[in-house]
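As structure tokens, the structure follows; a few thoughts come after it.
Read the figures in this text as sums done on the coordinates, not as results from a lab. Worth saying up front: this structure is predicted, and the values here are computed from it rather than measured. Using ideal geometry, Cβ is built from the backbone for each residue, glycine included, and neighbour counts are taken over all protein chains shown.
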Amino acid sequence: MPELTTARKPHALHWLTRRFARLQIPLDDPFAVTGLIIYAVFILVAIFANQLATHDPLEILYSETYELSSNLRPGEDGFILGTTSLGRDIYSQLIYGSRSALLIGITAAFMVAVIGTIVGLLSGYFGGWIDIVLMRAADIAFGIPFLPFVIVLSAFLEPSIWNVVFAMALILWRDTGRVIRSQVLTLRTRTYIDAARIAGSSDMKIVFSHIAPNILPLSFLYGSIAIGWAILTEAAISFLGFGDPETISWGYMLQDAYASQALSTGGYYWFVPPGICIILVVVAGFFISRGYEEILFPKLKD
Amino acid sequence: MTSAQGKAVTSTPSPVIAVEDIRKHFAVGSPIAAAMRRKSVVVKAIDGVNFTLNKGESVGLLGESGCGKTTMGRMLLKLDEPSEGRILFEGDDLATMQGPALRAYRARAQMIFQNPFEALNPRFTIAQSMDEPLSNANIAKAERADRIRKAMDLVHLPDPAQFLERYPHQMSGGQLQRVVMARALILEPTFVVADEPVSMLDVSVRAGILNLFREVRDNMGLTAIYISHDLALVRYVCERTIVMYLGCIVEDGPTEEIVKNPMHPYTKALVAAVPVPHPAQSHAPLPIKAGAPDARNPPSGCRLRDRCPHAFDRCAIEEPKATRIGARKVHCHLFD
Amino acid sequence: MSDNILCVKGLKVTYSVGTARIRAVDDATFDIPKGSIVGLVGESGCGKTTVARALTRVMAKAAGFEGGEMLFDGVDLLGLSEADMNKLRWRDIAFIPQSAMNSLDPVYTIEKQLNEVLIQRGGMNRREARARAEELFDMVGIDPRRLGDYPHQFSGGMRQRVAIALALALNPKLIIADEPVTALDVIVQRQILDTLKSLQERLGLSVILVTHDISVVAYVCDRIVVMYAGRVVESGDTETVLTQPFHPYTMGLYNAFPDLQSSEGLLTPIEGHPPDLSDPPDGCRFAPRCPFAQTPCSTQNPTLVEVGSRHVSACLRVDEAQQLREQAAQTQTWMGAI
């Protein structure tokens, strides 16, 4: 008699590949792969920032003759991308900037995906007053102007990148929540959900084992869109001067360059690299979301 | 008659299921729109249904789409709640079942679904799907593999190892419907609702599923409801038939009698309309007027009155009550 | 020959799915006599719907003709240009789909959709079109006052009547109906079939009725064409094929059908399932499920042979049909064929 369990691969590896397959990372789409590669590079840079950076990004540097190393052009005195008007190393700022950009992007994406998914699941599956309360909250979130709210709230709570992320998450969950709710509403009517109820599964079990896996790609889609939004918003806030002065970010660099009139003095080496980095990360996020869209809505291809 | 042997003769045959004056009304459209039209549109999907099922009985719930048979099946399994009335399972009201009582009911009342391709989660392997009811019923892990194998044997899916790691899309409709049945039977229920279990299957496969249904029902002494629009199928699996029209029962009695001598005008039409696979068959016009039942706007009194050739004044005024004729109950003014 | 409206000979249609080539229709041969209803019967995936679509030459992109001919009134439809074929559609060959809801445009009234056919294709003016539309509604048994209604205002059965009216609009010679009553309840089904039959008799139409239900065929069809795994296995007059089948598949299909009129007997399934058409077995395609299969059946390809008047069957053992019929009536014969 064949033993039933032998047919199953008992390894944790099998479990892991199955979970991984559920995320449905879009590896078929060349744009999505490009996006993933860009992310991989920035993540590596952020992780190894200490090794890659040549200087402390906030340190005011002096030459051997105790002159302020300010406004140096790329390559001068060994500064790869030159220095700021206060004598700080631009290259090192750029490297450390990737840390805050990714921290902001990924935490915001995570929060947006998590909050939106939970709201969508609860609202769509249980309906009734839970649905009414959550969806009216989403309506309110839709009514709040995004940028002013984030500026005011993060200024009110004291400027730090965490408060910026928190303020963004308070608003951005609304799209994710709505879309996931509508998806749950259709999934809920599937026969196998009824079958699970008759098999004695609790609501929680149904939500997490039958419904949630189907909406994970959707959560990831909205999460990857949120990465771009979060980085752009943080850059905008820092550029407007409401950012955290203690943390180097690309937006902060742009603001610094702008305030120091680098634009009029031809200091392209100061403001172009952070601009390019912002564009690259944001575009990479959208490329990945495009890949998820193709998985979710294959008809968009035609 | 193998099914007769399974029935225990007790002094007080308490019904497994008792349906008492069940109504299910759906409001259509938003309350604001209803207020503007000055009347709320209510679809009476089920409107005053009564019946009981005794242990070991198989009853066909027969009717056209929209007659309420599927809604009835869902309420019997507590997938939907009735608007009015009670459903009793072995004397316990389904409406009051919560927590452990509900879980106990879930283990004893099961459903075989119409579309086997939809009834299993496409992301689950067959083994995972089969495991779900067992883990919910707190069956020890060590015991589960054995239970799964036994259930697969029961539905003649031998060599389970061949199927267990497959996903639903890797199997044929007939095999999947057997898996769905195995899953329904794995906790050894006493009551089963089968909702058109062969309508999505190919003709050559149907007979196998129907035979299997008869076999497990007899062997396990199941009380069963078989929902269908096809009298020929109902006749094949059920000794008793309940005919529904627009949310009401029109006739209830032994299947053979209903097939041979239908009494209610609607049942007459149903019996006459069923095509048979013989070249020589009656082409007599149907004893009922063409037309579609409209659940939003049913006629007053008897709901068949606008299509019935025998309708008279009383039919418009009074809803027909059940009249007992032998083993049958007929809801028609012609008979009371 | 001239009393056939349509002669299909050796028709082959192949779907390309990825690298696989699925031979959905592989050598289908049958005739449609003028003024008759012919039932095209088989299980899902047997190629009956593909044949129906192939006759109008409206097929999925992945499908392609691999050979054969379809002589409509003596003209090979496969030899026609797309423009000429398009002229034939609706005017000479009309189609009734399974789900009328999907074929009717929800945002236009029925009259608009009828007008489109009558005016654009039929070249009528508005007044003629209106008169014809009313006549058509009368014919299919709908009150002409409902011409201005939208599709969603009709019930399923009514919509199917509308679909019949649309198909009849330009007086076609041949109507192809793809499972026209499958989704309907028995009473409505009966009424639609009655309507179709009486119109066919009155107008002298030729109809191909694609269905999986042999009782529908028994009720309305003059002739039956049984398909299995892309091939025609038997065809002939409905009465003779159903009472004197020569192919084991036809015998098995008949056994598997519940019958309201006969006394209670056990239904007999055909064990196994149809072959994978991307890699069909050699020889007879039914052989793996056939209780009467012998060694030659798995190598030799049976061809349609005449077994009676206008009755053909593709089985290597047609000569023993009488004996096989007797065995096929017994349930044990079909058990353990696999």
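Which helices of chain C meet both criteria: a Cα extent of 24 Å or more along the helical axis and a mean Kyte-Doolittle score no lower than -0.5, with helices taken as whole DSSP H segments?
C:186-203
Take the alpha-carbon centre of the range C:279-338, take the same for the range C:192-240, and report the distance between them in whole Å.
Centre-to-centre (Cα) distance: 23 Å.
Given H placed on each backbone N at 1.01 Å, which residues far from B:Gly60 in sequence or on other chains put an amide H within less than 5 Å of it?
B:Tyr226, B:Arg240, B:Thr241, B:Ile242
Select from A:Gly223, A:Gly275, A:Gly177 the residue whose mean-square fluctuation is largest in a Gaussian network model of chain A (Cα-Cα springs shorter than 10 Å).
The residue with the greatest mean-square fluctuation here is A:Gly275.
Compare C:Gly67, C:Gly157, C:Gly123 in a GNM of chain C, Cα atoms joined below 10 Å, and give the one with the largest fluctuation.
Sorting by GNM fluctuation, first place goes to C:Gly123.
Can you give the average number of partner chain beta-carbon atoms within 10 Å of each beta-carbon in peptide C:213-222, as a whole number?
Per-residue shielding by partner chains comes out at 4.
For the pair C:Asp143/C:Gln294, report the inter-label distance in nm, with labels modelled 7 Å from Cα in the Cβ direction.
Between C:Asp143 and C:Gln294, the label points sit 6.5 nm apart.
Which of the residue pairs C:Lys9/C:Lys61; B:Lys260/C:Lys197; B:Lys44/C:Lys48; B:Lys69/C:Lys173 have a Cα-Cα distance greater than 32 Å in the structure shown?
Where the Cα-Cα span goes over 32 Å, the pairs concerned are B:Lys44/C:Lys48; B:Lys69/C:Lys173.
In what sequence do A:Trp129, A:Trp270 fall when counting other Cβ within 10 Å, fewest first?
Ranked by crowding around the Cβ, least crowded first: A:Trp129, A:Trp270.
What distance in nm separates the two pseudo spin-label positions at C:Val75 and B:Ala101, each 7 Å out from Cα along the beta-carbon direction?
Rounded to a tenth, the inter-label distance reads 7.4 nm.
Give me the distance between the Cα centres of the range B:246-310 and the range A:94-113, rounded to whole Å.
One Cα centre to the other: 68 Å.
May I ask you to evaluate 6.51 cos²θ - 1.76 cosθ + 1.60, the Karplus curve with θ = phi - 60°, for each residue of the range B:248-254 and list the ³J(HN,Hα) values in order in whole Hz, giving x for glycine and proline?
10, 7, 9, 8, 8, x, x
Mind listing P(r) for the protein assembly as shown? All alpha-carbon pairs, 10 Å bins, whole percents.
Spelled out per bin, shortest first, that is 2, 9, 15, 18, 18, 15, 9, 6, 4, 2, 0, 0.
Would you mind checking the tilt of helix B:141-154 against the longest principal axis of the Cα atoms of chain B, expressed as 0 to 90 degrees and rounded to 10?
Approximately 60 degrees, to the nearest ten.
For the range C:101-170, calculate the relative contact order in percent as a whole number, restricting contacts to Cα pairs under 8 Å that are 6 or more residues apart.
Value for the range C:101-170: 43 percent.
Amide H to amide H under 5 Å from C:Gln300: which residues, 5+ apart in sequence or cross-chain, H placed 1.01 Å off N in plane?
Correct list: C:Cys284.
Can you compute the modelled spin-label distance between B:Asn219 and C:Gln322, with each label point 7 Å from Cα toward Cβ, in nm?
Distance between label points: 4.1 nm.
Starting at the first residue of the range B:261-275, write each ³J(HN,Hα) from the Karplus equation 6.51 cos²θ - 1.76 cosθ + 1.60 with θ = phi - 60°, in whole Hz, x for Gly and Pro.
Listing the rounded values in order: 9, x, 9, 5, x, 5, 4, 4, 5, 4, 5, 5, 7, 5, x Hz.
Go ahead and set up a Gaussian network model of chain A, Cα springs under 10 Å, then flag whichever of A:Leu103, A:Leu121, A:Leu187 fluctuates most.
In the Gaussian network model the winner is A:Leu187.
So if I place +1 on the C-beta of Lys and Arg and -1 on the C-beta of Asp and Glu, and nothing else carries charge, what would the dipole magnitude of the protein assembly as shown be about its Cα centre? I want it in debye, nearest 20.
1800 debye
Tell me, which cysteines of chain B are without a disulfide-compatible partner by the Cβ under 4.7 Å rule?
B:Cys67, B:Cys238, B:Cys248, B:Cys308, B:Cys332
For the Cα atoms of chain A, what angle does the longest principal axis make with the long axis of helix A:30-47, in degrees from 0 to 90, nearest 10?
It is inclined by approximately 60 degrees.
Kindly write out, for the range A:214-227 in residue order, the coupling ³J(HN,Hα) from the Karplus curve 6.51 cos²θ - 1.76 cosθ + 1.60 (θ = phi - 60°), rounded to whole Hz, with x marking Gly and Pro.
Each residue of the range A:214-227 in turn: 6, 9, 4, x, 5, 4, 5, 4, 5, x, 6, 5, 5, 4 Hz.
Going by C-beta contacts inside 10 Å, put B:Met263, C:Met85, B:Met130 in order with the fewest on the left.
Values: B:Met263 20, C:Met85 16, B:Met130 27.
Placing the least packed residue first, the sequence is C:Met85, B:Met263, B:Met130.
Taking amide H positions as placed in the peptide plane 1.01 Å from N, state which residues far from C:Ala329 in sequence (5 or more) or on other chains have amide H under 5 Å from it.
none
Based on the alpha-carbon gyration tensor of the range A:30-301 and its eigenvalue square roots a ≥ b ≥ c, which shape applies: rounded if a/c is under 1.5, prolate if not and a/b is larger than b/c, or oblate?
prolate
If you take the beta carbon distance between A:Ile37 and A:Glu294 as r and set R0 to 22 Å, what does 1/(1 + (r/R0)^6) give as a FRET efficiency, to the nearest 0.05? Spell out each step's value before the answer.
Values: r = 18 Å, r/R0 = 0.80.
Rounded to the nearest 0.05, the efficiency is 0.80.
Counting only helical runs of four or more DSSP H residues, what would the 222 nm mean residue ellipticity of the protein assembly as shown come to if each run contributes -39,500 (n - 2.57) and the total is spread over all its residues? List each step's numbers first, then the result.
Values: 37 runs with 427 residues, N = 976.
Value at 222 nm, helices only: -13500 deg cm²/dmol.
Restricting to DSSP loop positions (anything but H, G, I, E, B) with no more than 16 other Cβ atoms inside 10 Å of their own Cβ, which GluC sites (Glu not before Pro) remain in the range C:31-103?
none
Compute the helix-to-body angle for B:173-185: its Cα long axis versus the longest principal axis of chain B, expressed 0 to 90° and rounded to tens.
It works out to around 80 degrees.
Scan chain A and hand back the longest stretch that contains none of the GluC sites (Glu not before Pro) lying in DSSP loops with at most 16 other Cβ atoms within 10 Å.
Answer from the scan: A:68-245.
With just the Cα atoms defining each centre, how far is the range B:159-198 from the range A:132-175? Give it in Å.
49 Å
By counting other Cβ atoms within 10 Å of each Cβ, how are B:Cys248, C:Cys284 ranked from fewest to most? Mind dumping the intermediate values first?
Numbers: B:Cys248 22, C:Cys284 28.
Ranking B:Cys248, C:Cys284 by Cβ neighbours within 10 Å, fewest first, gives B:Cys248, C:Cys284.
Using Cα pairs closer than 8 Å and at least 6 residues apart in sequence, work out the relative contact order for chain C, in percent.
20 percent
Filter the trypsin sites (Lys or Arg not before Pro) in the range C:42-122 to those in DSSP coil with at most 11 other Cβ atoms within 10 Å of their Cβ, and list the result. The partial results should precede the final answer.
Working: sites: C:Lys48, C:Arg53, C:Arg57, C:Lys61, C:Lys87, C:Arg89, C:Arg91, C:Lys112, C:Arg121; in loops: C:Arg57, C:Lys61, C:Arg91.
Filter output for the range C:42-122: C:Lys61.
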